[in-house]
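The values are calculated or read from the model by the stated rules, or taken from the named source; none is laboratory data. Quantities reported herein were computed from a predicted structural model and do not represent experimental measurements. Using ideal geometry, Cβ is built from the backbone for each residue, glycine included, and neighbour counts are taken over all protein chains shown. With ligands, DNA and RNA removed, areas are computed over all heavy atoms of the protein, side chains included. Shrake-Rupley method; radii C 1.70, N 1.55, O 1.52, S 1.80 Å.
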Amino acid sequence: MRVDNDRLKSFILDAGFLDEAMIDQAIAESGKSGKRLGDVLVEKKLLDYNQIRQLYSYILGIPFVNLEKEIIPREILQIIPEPIAKKYQIVAFKKTGTELKVAMLNPEDLQTIDFIRKKTGLKISPCITTDEGMGNALKQYEQSLKADFGDIIEKNSQEVSGGGSLEEVAQDLPVIRIVDTLLKHAILQEASDIHIEPDEKEVRVRYRIDGILHDAMTLPKAVIDGIVARIKILSNLKLDEHRLPQDGRFKIEQDNRRVAFRVSILPVYSGEKVVMRLLDESSKGLTLEGMGLWGNPLEIIHQAIKKPNGMLLVTGPTGSGKTTTLYTMMDILNTPQVNISTVEDPIEYKMFRINQTQVNPTIGLTFSQGLRALLRQDPDIIMVGEIRDKETMEIAIHSAMTGHLVLSTLHTNSAAGTIPRLLDMGAEPFLIASTINVVMAQRLVRKLCPDCRQAYNLDEELVNSIKGQLDLDHIFDLAAKNNLLDKKLLEKRDWMQAVFYRPGGCSRCRQEGYKGRVGIFEVLEMNDTISQMVAKRATSDEIEEQAQKEGMIKMMEDGIIKAIQGITSIEEILRVTKD
């Protein structure tokens, strides 16, 4: 959109966004670089792109429409076909008689407007929208696919031919369509795993979304051989092997997103069960803050990963996001000045400039063997996917002692519980005390959908129940220190007046009330006092008690603070923290 610099300047001044000196400086830079003033202001982070769009809307006299939370009727949305909408960034959102209102990122694209007018035979009224609004509108094309999903599967299930070899069945067009639709639908639903489970009479398909399994589809038993064969071909696995487990991997691209599928096939009583883990390779890197760390625990982690040697352990059950945390730390540490090497099982994501080794026990490449070989590769930072045995643990501890920073995971329920676990594996107490910098325990909780969450106050019974498990005064102090609560509430210190939220249910969160996940953490720093206790073989309860005295925030306390902020619900915190 071409808007004169002087007109844009006067509108910015009228809106009070910036002072004249800052705008003049940006205009001078615009003249030197040849870039538009709006683009310079966005690049310098003086204004965001949506503010610029709204200003353009006023200047050009074109209406601005915010579609970020708008649900567009399906019959209106489909007036402009999905490929055209995505290519030209234009969506229909309202129709009145012969007038069709369309949202665009560039309403001066007269050629596209004329094309839509000829195609629909309607009078087109263009509006400016934001990138987020356009993204929400385009995503609704995908939502409409869900309505067609059952029809596609049902129609193709009936067409699956029973005869022929497995290879022929796998190349059968209906089977290809079924598998493609299952994969595409899982991506649209933002599933993390697909479970295809054969039973005696039918095949169940379930998706894991935000950590919870949901039924997606029931298929006739006749299609299972073709589906498994198709997935084996995609994953480059043996078609004729039905008695042994097999693991593979493949990638697909959809709407400029590259998604990798990690495949596990396991023989079960009624056939072969398939589980596929979805790994979005085009997703932007996470940050520790984005994962849910804040305040003092965040500072402790940042200091620990900047140390030249020592060990940092992340603990928690399977599926609690431990590997994602390690990848995030490696992403922060990943600079040309250091050599980062990993031993993993399996490699979740391929990371640029990081040397990743896949464990393969069938040929003798175990964690301990891989770690031994890796130490001869002159690493600065080592990531061990998991410490499973005494040998791996000993090599990891000695690596931390000899000048390497070691990142790894362990299966324990709490941060303090890691110390007795290492002692049980045969580690010497003085070595644990001198090599471990930090132990972090974590869980993943579902985030409340911001569009439908419902506010409420706690009753006396629930407050007393929580008081039995937590020091609520301590949580008030933490919240006050980090400006997380209303001042009046902090003065009264009355939990029954605190506003909490519970899940509702809307179309944006699939009536679940939750959308997305965030971590809750407890971070145990190995300071002098804790080190002395570890060297004297103190119990996990004694270590935890001392750590709390020194300011450690327990996992459940972190969860309650996130519940106070409206990020998640108390029910969700209780669900994931119960041991």
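Here are the numbers for the structure shown:
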| quantity | calculated |
| --- | --- |
| Square roots of five times the Cα gyration tensor eigenvalues for the chain, Å | 44, 36, 26 |
| Sequence-separation-based contact order of region 339-433, relative, with Cα cut under 8 Å and 6+ spacing, percent | 25 |
| Distant-in-sequence amide H partners of residue 193 (H built 1.01 Å from N, under 5 Å) | 208, 278 |
| 172, 471, reordered so the largest accessible area comes first (probe 1.4 Å) | 471, 172 |
| Unsatisfied cross-links (Cα-Cα over 26 Å) in the set 69/119; 9/101; 9/44 | 69/119; 9/101 |
| Placed amide H near residue 512: partners under 5 Å, 5+ positions off or other chain | 506 |
| Cα centre as origin, Lys/Arg/Asp/Glu Cβ charges: region 291-423 dipole, Debye | 80 |
| Out-of-range pairs (alpha-carbon distance over 21 Å; input 87/184; 184/515; 306/481) | 306/481 |
| Local electrostatic count at residue 121 - Lys and Arg +1, Asp and Glu -1, tallied over other residues with Cβ under 15 Å | +3 |
| Ordering of 290-299, 431-440, 12-21 by packing [mean C-beta count within 10 Å, highest first] | 431-440, 290-299, 12-21 |
| Unpartnered cysteines - no second Cys beta carbon under 4.7 Å - across the chain | 127 |
| Residue 404 long-range amide H proximity, modeled H, under 5 Å | 310 |
| Additional length obtainable on full extension of the chain from residue 27 to residue 68, 0.36 nm per residue less Cα span | 11.7 nm |
| Distance between region 353-374 and region 234-278 - C-alpha centres, whole angstrom | 23 |
| Region 174-217: relative contact order in percent, alpha carbon pairs under 8 Å with at least 6 residues between | 27 |
| Estimated vicinal HN-Hα couplings, Hz - region 85-102 in sequence order (Karplus 6.51, -1.76, 1.60; Gly, Pro = x) | 4, 6, 5, 9, 6, 9, 9, 8, 10, 7, 10, 10, x, 9, 9, 10, 8, 10 |
| Prolate/oblate/rounded label for region 317-387 (Cα gyration tensor, a/c 1.5) | oblate |
| Ranked packing of 388-401, 74-87, most packed first, by mean Cβ within 10 Å | 388-401, 74-87 |
| Protection proxy ranking, peptides 517-523, 247-253, average beta carbon neighbours within 10 Å, highest first | 517-523, 247-253 |
| Estimated FRET transfer efficiency (residue 353, residue 256; beta-carbon r; R0 41 Å; 0.05) | 0.95 |
| Euclidean distance of C-alpha centroids, region 81-121 and region 493-570, integer Å | 48 |
| Helix-derived mean residue ellipticity, 222 nm - over the chain, DSSP H n ≥ 4, -39500 (n - 2.57), to 500 | -12500 deg cm²/dmol |
| Length-normalised contact order of the chain in % [C-alpha pairs under 8 Å, at least 6 apart] | 9 |
